[in-house]
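What follows is a short report on a single structure.
The values are calculated or read from the model by the stated rules, or taken from the named source; none is laboratory data. Note that this is a predicted model, so its numbers are computed, not measured. Quick reminder, even Gly has a Cβ in these numbers, built from the backbone with ideal geometry, and neighbours come from all protein chains shown. Heavy atoms of the whole protein, side chains included, go into the accessibility calculation; ligands, DNA and RNA do not. Shrake-Rupley method; radii C 1.70, N 1.55, O 1.52, S 1.80 Å.
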Amino acid sequence: MFIIGERINGMFKNVARAIVSRDKKSIQELAVAQLNKGADALDVNVGPASPNPTKDMVWLIQILQEITDKPLVIDSPSVAVIQESLPEVKNPVIINSTTAEDHKLQNLLPLAKQYNAKIIALTIDEGGVPKDAESRLELAVKIITHAQEAGLSPKDVYIDPVLLPVNVAQDHSPEVLKALREVKLLCDPAPPTVVGLSNVSQGAKQRSLINRTFVVMALACGLDSAILDPLDDDVINAIKTAEILLNEQIFCPDYLSI
Ligand code: THG
């Protein structure tokens with residue numbers, strides 16, 4: 001599985017403080033820690049409280065590129081922030097995210113093409129988060145169609161079926177699993193899939209247990225990638241074990257230490 005580290009996010013109070021005070025060392029340490037634990041890419045999100053999200057995003061991109069060549073995942077709800085940050089990115093880049101809303105597709109798909117970026121697409125439209133798998137798939141079809149019209153391959157469009165907290169939206173999690181399975185039948189080549197794993201346990205007590213149980217089920221449904229906390233050893237070990245049991249990695253007795 002392609003692991004995207006979630007920790008460089010202003011949603012975490014210590015990260016928000018480090019951004020405000022331009023504490024380069026703690027951000028870089030958090031990045032290195034995630035990479036050492038197996039992150040293949042780093043999500044970069046200035047958080048909801050940033051007074052100047054473009055400036056903060058550009059600073060984060062610059063200091064992260066001092067310490068890694070791994071892909072950066074530019075996570076912002078704002079088209080302007082993404083557009084103004086992309087020229088700063090030298091590493092491989094993933095835009096996070098477009099939705100199926102017309103104005104987002106119109107603006108972000110051409111940017112992905114221009115900057116040779118991959119793009120994550122949430123199955124959300126003007127009507128919000130769909131209730132069931134079928135509506136998620138309808139939005140995935142809309143996204144893929146528009147992406148192809150913009151000159152992108154479905155291989156470069158990660159479909160995110162929008163994972164919600166189980167404590168408030170329990171009926172959504174089986175629909176997300178169903179959408180993960182069925183999105184693979186939409187086209188050939190199929191689009192890769194991604195979820196924001198820690199969403200599922202927000203507000204719950206057993207966060208790590210809920211996260212790792214969901215990710216194992218999602219892997220069995222063909223999940224390709226997740227934004228998650230690579231510093232949670234239990235989640236990483238559950239992923240490694242699931243990959244062994246799905247015959248996607250070669251078993252050896254010490255597979256957890258590899
Ligand atoms: N899809 C896509 N991108 C995403 C998400 C998604 N980006 C953001 C988010 N969801 C994934 N990242 C996180 C990061 C942190 C948490 C959840 C998801 C989290 N934070 C603690 C909380 O809210 O309880 C913060 C606690 C603290 O303040 O220390 O759980 O779904 N494409």
Query raised in the report: Any idea how far the Cα center of the stretch 24-46 sits from the one of the stretch 185-246, in Å?
Result: 19 Å
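Using only the heavy atoms of the protein chains and a 1.4 Å probe, how would VAL176, VAL79 rank by accessible area, largest first?
On the way: VAL176 0, VAL79 30 Å².
Order by accessible area, largest first: VAL79, VAL176.
Please get the size of the charge dipole for the stretch 111-258, origin at its Cα centre, with Cβ charges of +1 on Lys and Arg and -1 on Asp and Glu, quoted in debye to the nearest 20.
On the way: 13 positive and 20 negative charges, 12 e Å.
With only Lys, Arg, Asp and Glu charged at Cβ, the dipole is about 60 debye.
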Query raised in the report: Once the dipole of the chain is set up with Lys and Arg at +1 and Asp and Glu at -1 on Cβ about the Cα centre, which of GLN65, SER50, SER26 lies farthest towards its positive end?
Result: SER26
Query - In sequence order, calculated HN-Hα J values of the stretch 14-28 (Karplus, 6.51, -1.76, 1.60; Hz; x Gly/Pro) - result: 5, 6, 4, 5, 5, 5, 4, 8, 6, 7, 4, 4, 5, 5, 5
Query - HN-Hα J in Hz across the stretch 121-137 - Karplus 6.51, -1.76, 1.60, θ = phi - 60°, x for Gly and Pro - result: 10, 7, 7, 10, 9, 4, x, x, 7, x, 6, 10, 5, 4, 5, 4, 5
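Pop out the carbon and sulfur fraction of the accessible area of the stretch 73-207 as a percent, whole number, probe 1.4 Å.
Values: 2940 of 6020 Å².
Summing carbon and sulfur atoms, their accessible area is 49 percent of the total for the stretch 73-207.
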**Report entry** Quarter of the Cα convex hull surface for the chain, i.e. its orientation-mean projected area (nm²)
**Finding:** 13.3 nm²
Query raised in the report: Can you give the extra length, in nm with one decimal, that the chain gains between ASN237 and LYS90 once fully stretched, where that is 0.36 nm per residue apart less the Cα-Cα distance?
Result: 49.8 nm
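Given only helices, namely DSSP H runs of n ≥ 4 each adding -39500 (n - 2.57), what is the per-residue ellipticity at 222 nm of the chain, to the nearest 500 deg cm²/dmol?
Numbers: 9 runs with 109 residues, N = 258.
My calculation for the chain gives -13000 deg cm²/dmol from helical runs alone.
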Report summary line: Residue-ordered couplings for the stretch 188-201, obtained by feeding phi - 60° into the Karplus form 6.51 cos²θ - 1.76 cosθ + 1.60 and rounding to whole Hz (Gly and Pro as x), are 10, x, 6, x, x, 10, 8, 9, x, 4, 5, 3, 5, 10
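Enter the accessible area per residue of the stretch 93-145 (Å², integer; probe 1.4 Å; all protein chains in place). Walk me through the intermediate numbers first.
Values: 2230 Å² over 53 residues.
For the stretch 93-145, the per-residue accessible area is 42 Å².
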